[in-house]
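Engineer: Structure incoming, see below.
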Amino acid sequence: MLIPFPIKNTIDSRRSVRSYKMTAVKKDVMDEVKDYAKSLYVPFEHNVEIKFFKANPTKALYTIMKSPPDNMAFMAETDIISITKAGFSGELLILFATSKGLSTCWYGHYKLAELERLMPHLQTPEQIKESNLGYGYAKGVTTGRRAICISPLGYYECGGLRLMDRFQNRVISFKRKGIKELLANPDDYDKLSDDIIYALDLGRKAPSAGNSQMWRFAFDESYKTIIVAMPEGYRHFKWEHPNVDIGICACHVWLGLIDKGYNPKIVVHEEYGRAVWRISI
């Protein structure tokens, strides 16, 4: 299976960026990103759509940072499976953009009314009403397709970061839990093959809201199926859709197995109000 970027190097270099140069992405690079979005392959059926839109150089959309000219939105229904598939699919495009020298940032608490102004997408009176409620959309399953998350797409500007933001980027965002800390059963570690450990290492480097790293890894009896999910009953203190992050982590694990020469199979289902990914070799 051909992945059009170096997997490990791209995952290792990806960072969530919150300060951008106010310059448009070069046309040839943007064309490549859009072409990849159209042809993007994932090993499951889905209805995730990626839309590209322009924004003004203000904080009206992202609130904590100025928008660069180019941005993208990951569109899907708001049930758990659609949301987690948006995370998986969107991360592939994020990584492709990273390999092209672009910076990104998964962002869920966008200003919905501003996004609607920049990229009209709401479809019903109920959705329009929700646009006045604040950031993102209402919690839980809601009507129609939504921008589950959005991301800037541009070039990093170090000088635009406040001191606290620089500290967070360099220290907090880079800190990752070890693989054993992320196993549902730490005793499983000694039973894992080097290839599985390699895939889990890439999985633990996935971005998550507030760097919470809520994913946990479990296995079938043969240790040839990796199960990626949140602990039962997990709730993030402010991020309504941690299943997006679970999809992103599952994407990294899948890519790690591909990097080791496998053609992994994927099944994702809902269990106890959470997305559960099963990735098998």
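Engineer: Anything in region 85-117 that is among the hydrophobic types (A, V, I, L, M, F, W, C), part of a helix (DSSP H, G or I) and either surrounded by 19 or more Cβ atoms within 10 Å (Cβ to Cβ) or assigned by TED's automatic domain parsing to the domain that holds Leu202 (or both)? List them, or say none. Full working, then the answer.
Structural biologist: First pass over region 85-117, keeping only residues among the hydrophobic types (A, V, I, L, M, F, W, C): 86, 88, 92-97, 102, 105-106, 112-113, 115.
With the extra rule that they be part of a helix (DSSP H, G or I), the set shrinks to 86, 88, 92-97, 112-113, 115.
Selection gives Ala86, Phe88, Leu92, Leu93, Ile94, Leu95, Phe96, Ala97, Leu112, Leu115.
Engineer: State yes or no: is Ser82 of a type outside the set (Asp, Glu), surrounded by fewer than 22 Cβ atoms within 10 Å (Cβ to Cβ), touching a strand residue (DSSP E or B) at 6+ places or on another chain (Cβ under 8 Å) and over 20 Å from Lys54 (Cα atoms)? Please lay out each step first, then the result.
Structural biologist: Numbers: of a type outside the set (Asp, Glu): yes; surrounded by fewer than 22 Cβ atoms within 10 Å (Cβ to Cβ): yes; touching a strand residue (DSSP E or B) at 6+ places or on another chain (Cβ under 8 Å): yes; over 20 Å from Lys54 (Cα atoms): yes.
Against the criterion (of a type outside the set (Asp, Glu), surrounded by fewer than 22 Cβ atoms within 10 Å (Cβ to Cβ), touching a strand residue (DSSP E or B) at 6+ places or on another chain (Cβ under 8 Å) and over 20 Å from Lys54 (Cα atoms)), Ser82 qualifies.
Engineer: Could you check Met164 against (1) outside any strand (DSSP E or B); (2) at pLDDT 90 or above; (3) of a type in the set (A, V, I, L, M) and say which number it fails?
Structural biologist: (2)
Engineer: Still on this structure, please answer the following. Given (1) surrounded by 21 or more Cβ atoms within 10 Å (Cβ to Cβ); (2) closer than 28 Å to Pro4 by Cα, identify the lone condition not met by Leu122.
Structural biologist: (2)
Engineer: Also: Please go through region 262-279 and give me each residue that is without any contact (Cβ under 8 Å) to a residue 60 or more places away in the chain and of a type outside the set (A, V, I, L, M), ordered by number.
Structural biologist: Glu271, Tyr272, Arg278
Engineer: Condition check: touching a strand residue (DSSP E or B) at 6+ places or on another chain (Cβ under 6 Å), surrounded by 14 or more Cβ atoms within 10 Å (Cβ to Cβ) and under 16 Å from Tyr110 (Cα atoms). Does Pro43 satisfy that?
Structural biologist: Values: touching a strand residue (DSSP E or B) at 6+ places or on another chain (Cβ under 6 Å): yes; surrounded by 14 or more Cβ atoms within 10 Å (Cβ to Cβ): yes; under 16 Å from Tyr110 (Cα atoms): no.
When the stated conditions are applied, Pro43 does not pass them.
Engineer: Within region 218-236, is there a residue that is among the small types (Gly, Ala, Ser), in a helix (DSSP H, G or I), more than 15 Å from Val268 (Cα to Cα) and over 10 Å from the mean Cα position of the chain (by Cα)? Please lay out each step first, then the result.
Structural biologist: Pass one, region 218-236, residues among the small types (Gly, Ala, Ser): 218, 222, 229, 233.
Next cut, in a helix (DSSP H, G or I) only: none.
Looking for residues that are among the small types (Gly, Ala, Ser), in a helix (DSSP H, G or I), more than 15 Å from Val268 (Cα to Cα) and over 10 Å from the mean Cα position of the chain (by Cα), one finds none in region 218-236, hence no.
Engineer: Can you name the residue in region 73-109 that is at pLDDT below 95 and of a type in the set (D, E, K, R) and is also farthest from Asp28 (Cα to Cα) among such residues?
Structural biologist: Asp79
Engineer: Return the pairs, sorted by first residue and then second, in which the second residue is modelled with pLDDT under 90 and not in a helix (DSSP H, G or I), the first residue lies in region 208-225 and is buried (at least 19 other Cβ atoms within 10 Å of the Cβ), the beta carbons are less than 6 Å apart, and the residues are 6+ apart or on different chains.
Structural biologist: Ala209/His236; Ala209/Trp239; Met214/Tyr234
Engineer: Answer yes or no: is there a residue in region 241-262 that is in a loop (DSSP other than H, G, I, E, B), of a type outside the set (Asp, Glu) and closer than 22 Å to Ser151 by Cα. Let's see the steps before the verdict.
Structural biologist: To start, the set of residues in region 241-262 that are in a loop (DSSP other than H, G, I, E, B) comprises 241, 260-262.
Add one more test, that the residue is of a type outside the set (Asp, Glu), and what stays is 241, 260-262.
Filter again for closer than 22 Å to Ser151 by Cα, leaving 241.
Within region 241-262 (the criterion being in a loop (DSSP other than H, G, I, E, B), of a type outside the set (Asp, Glu) and closer than 22 Å to Ser151 by Cα), the answer is yes, since at least one residue qualifies.
The values are calculated or read from the model by the stated rules, or taken from the named source; none is laboratory data. All of these numbers come straight from a predicted model, not from anything done at the bench. Don't worry about glycine lacking a Cβ; one is built from the backbone with ideal geometry, like all the others, and counts go over all protein chains shown.
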